[in-house]
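The values are calculated or read from the model by the stated rules, or taken from the named source; none is laboratory data. Remember, predicted model here, so these are calculated numbers, not experimental data. Every residue, glycine as well, gets a Cβ built from its backbone with ideal geometry; the counts of neighbours run over all protein chains shown. Just so you know, the surface numbers come from the protein's heavy atoms only, side chains and all, with ligands and any DNA or RNA stripped out. Shrake-Rupley method; radii C 1.70, N 1.55, O 1.52, S 1.80 Å.
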Amino acid sequence: MSERFSMVPLVGALTDAWAELRAHRLRVLLSLLGIGIAVAALTAVVAFGEYQKQLMAEQSDRYGGRIATIAMNVSSNDGSPVDWAAIDAQVAQVSERYSFSRTARVVDGSITAPVQLPDGVTPIATRLIDPDYPVIHRLTVAEGRWLQASDSQLLAPPVVISTPLWESLGSPPLTTHPTLTMTGELAGTYPIVGVTPREGVWDTNNKIDMLYDSYVARAGSLPAEAYVNREFWVPPAMVDELGPVLAMDLRAGLGEGLTLSLNRSDWGSQGGYADSILVFQLVSGAIAGIVLLLGALSLVNVQLVAMRQRIREIGVRRSFGATSGRVFAAVLLENLVATTVAGIVGIVLVVVVMRSEWVTSAMFSGLQDVPPFPFGAALAGLVSAVVVGAAAGIIPALVALRVKVIDAIRF
């Protein structure tokens, strides 16, 4: 029973505060407009930072690989050609020992394929990859699909081409099973199963992606100038311990005259991106905080003016037995409830806007894994609204304590 009756003063103060808000709703709405906007801005800044962090992480994955990607480089000390088949055998043996889930070879920048285009045979830059390469690098397609492991068994090896090359072929729908025709040692027909998006408006490069094994099966061997990079995607928690051991095992099977190096290529080994996001959040948060402070000062000013007009009301309440604590709590909670409601409205508005598909596609173009709305952003907005309400309510509440019964007669 004591706990039940102990809640009566608090419930009474909340009821009084809500009644005052309803009675002066126009004044409250005008004074809380800035608070709601500031809380929404603060929430949006924190959420924008999380979305931007995810976007930058995905963009970095496309170049350096996901966390944690180890890049393997092998070179000949005397400049003689490297026996890549022997390297593959050694890597396969080591990979089986460590049960790597994702490994990939890539040959980029040293191979061209003669392709029959409408205006004649044209050499097209060709990248050789393994099926795990698009997974490690978060590569997407604008049309169709990426290459799969089973594609290497097909007599007509499929390819993925760039959007500019696809457009030069007349943008044929992939449902019609379009093909590329190559000449020379790669002579044959190659089904087009996917189209990669442009890297930017400036991207006009014709490019082809083909499976590494499909190229070797068709051409017989890699060109002498080809250089093969290999990547291992390993658990982030194991990368520091696994790196030195993996390097030792791989070097043990290398022939003489070869140099092997292992390095992390993913952005997680560098702090630049995370630091830039942190700086952005701090600067933007400081700006939103200033807006929030200005809104709080405006609210305090409005409430102080309002208290001058409510002296008679408060004096009458004191004459009917309202204690100082009851008056203080009612004025304080009036501000607290109002700013909390304004903050919640601002937060809900930001959540709706930030989760809309139009906003994510327009502001975060290329984002694959759209993160859920960050709980920390909503919490930061709500806490700031409560703090501002409490800070803006203390001064008017202290002024209300000085009101006496006789003041109701004077005013």
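What are the residue pairs meeting all of these: first residue in segment 112-140, first residue within 16 Å of PRO164 (Cα to Cα) and at pLDDT 90 or above, second residue open to solvent by 40 Å² or more (accessible area, probe 1.4 Å) and among the acidic types (Asp, Glu), Cβ atoms under 7 Å, and 6 or more apart or on different chains?
What qualifies is ARG127/ASP108.
Pick from VAL159, VAL135, VAL141: which is of a type outside the set (Ser, Thr, Tyr) and under 19 Å from SER110 (Cβ atoms)? If you could, list the steps in order and put the result at the bottom.
Numbers: VAL135 fails: under 19 Å from SER110 (Cβ atoms); VAL141 fails: under 19 Å from SER110 (Cβ atoms).
Matching residue, one of VAL159, VAL135, VAL141: VAL159.
Just the residues that are aliphatic (A, V, I, L, M) and open to solvent by 10 Å² or more (accessible area, probe 1.4 Å), please, taken from segment 371-397.
Of everything in segment 371-397, those that are aliphatic (A, V, I, L, M) and open to solvent by 10 Å² or more (accessible area, probe 1.4 Å) turn out to be ALA378, LEU379, ALA380, LEU382, VAL383, VAL386, VAL387, VAL388, ALA390, ALA391, ILE394, ILE395.
Name, by its number, the condition in (1) modelled with pLDDT under 95; (2) within 29 Å of GLN59 (Cβ to Cβ) that does not hold for TRP146.
In the conditions (1) modelled with pLDDT under 95; (2) within 29 Å of GLN59 (Cβ to Cβ), TRP146 misses (1) alone.
Here is a list of conditions, (1) part of a loop (DSSP other than H, G, I, E, B); (2) open to solvent by 20 Å² or more (accessible area, probe 1.4 Å), and LEU147 meets all of them except one; can you say which number that is?
If we test LEU147 against (1) part of a loop (DSSP other than H, G, I, E, B); (2) open to solvent by 20 Å² or more (accessible area, probe 1.4 Å), just (2) comes out false.
Residues of segment 201-252 being assigned to a loop (DSSP other than H, G, I, E, B), open to solvent by 20 Å² or more (accessible area, probe 1.4 Å) and among the small types (Gly, Ala, Ser), which ones? So that I can check it myself, show each step before the final result.
From segment 201-252, those assigned to a loop (DSSP other than H, G, I, E, B) are 201-206, 220-228, 234-235; that's our starting set.
Checking the rest, the ones that are also open to solvent by 20 Å² or more (accessible area, probe 1.4 Å) come to 201-202, 204-206, 220-225, 227, 235.
Answer for segment 201-252, where residues must be assigned to a loop (DSSP other than H, G, I, E, B), open to solvent by 20 Å² or more (accessible area, probe 1.4 Å) and among the small types (Gly, Ala, Ser): GLY220, SER221, ALA224.
Check SER276 against each of (1) surrounded by fewer than 20 Cβ atoms within 10 Å (Cβ to Cβ); (2) at pLDDT 70 or above; (3) in a helix (DSSP H, G or I) and name the one condition it does not meet.
(2)
Being more than 30 Å from ASP61 (Cβ to Cβ) and modelled with pLDDT of 80 or more, is that true of even one residue in segment 349-367?
yes
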